[in-house]
Amino acid sequence: RGTMWLIGSEWECATLERPWLLNKKNESCIPAGWHKLIRRTCTKKSVKNATGSNVTFGVEYVPNRDGILVHPLNTIKGTKGCIGVGQLIPGWDLNGLPGIARSGDTFVEFLELLDGHDEAHLTIVDAF
């Protein structure tokens, strides 16, 4: 779990990714560093259910990886290397898996804050 902030606003949310597994495709979190977010369409049901559209942001410039998206996500079981956004509730999990809550609502807020922007920048920092 981590935290995402949007510079220039007071908005923040919890993030959820898989653990670090040497950047293995479909199994690992994203490596620390600078990445570009680009507005794109996708076919994930969680995006369509949360927003009524297929708009999200893809994470670009991840070495040896593609198809990484920011999307609603409640547990790591629901991802193959993407970044889930939601709200952290201390001690909360879902069937024993680390989780975040309100992912659909948080994803809608994320998109609203980036409305009118086709690109953004994401910096991932190791924090152990």
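Assorted remarks:
- Enumeration of residues in region 74-89 that are open to solvent by less than 10 Å² (accessible area, probe 1.4 Å) and assigned to a loop (DSSP other than H, G, I, E, B): Thr79, Gly81
- Residue among Leu16, Leu37 that alone is closer than 13 Å to Ile83 by Cα, of a type in the set (A, V, I, L, M, F, W, C) and modelled with pLDDT of 90 or more: Leu37
- Residue in region 32-47 that is exposed (fewer than 12 other Cβ atoms within 10 Å of the Cβ), in contact (Cβ under 8 Å) with a residue 40 or more places away in the chain and over 13 Å from the mean Cα position of the chain (by Cα) present: yes
- Selection within region 70-95 - on the phi > 0 side of the Ramachandran plot and free of Cβ contacts under 8 Å to residues at least 24 places away in the same chain: Gly91, Asn95
- Residue check for Leu22: open to solvent by 80 Å² or more (accessible area, probe 1.4 Å) and either over 14 Å from the mean Cα position of the chain (by Cα) or under 15 Å from Ile124 (Cβ atoms) (or both): yes
- Taking the criterion of being assigned to a loop (DSSP other than H, G, I, E, B) and either touching a residue at least 60 places away in the same chain (Cβ under 8 Å) or surrounded by 15 or more Cβ atoms within 10 Å (Cβ to Cβ) (or both), the residues of region 96-121 that qualify are Ile100, Arg102, Leu114, His117, Asp118.
The values are calculated or read from the model by the stated rules, or taken from the named source; none is laboratory data. Predicted model, so just to flag it, every value in this text is computed and none were measured. Every residue, glycine among them, receives a Cβ derived from its backbone with ideal geometry; neighbour counts consider all protein chains shown. Quick note on the areas: whole protein, heavy atoms, side chains included, nothing else; ligands and nucleic acids left out. Shrake-Rupley method; radii C 1.70, N 1.55, O 1.52, S 1.80 Å.
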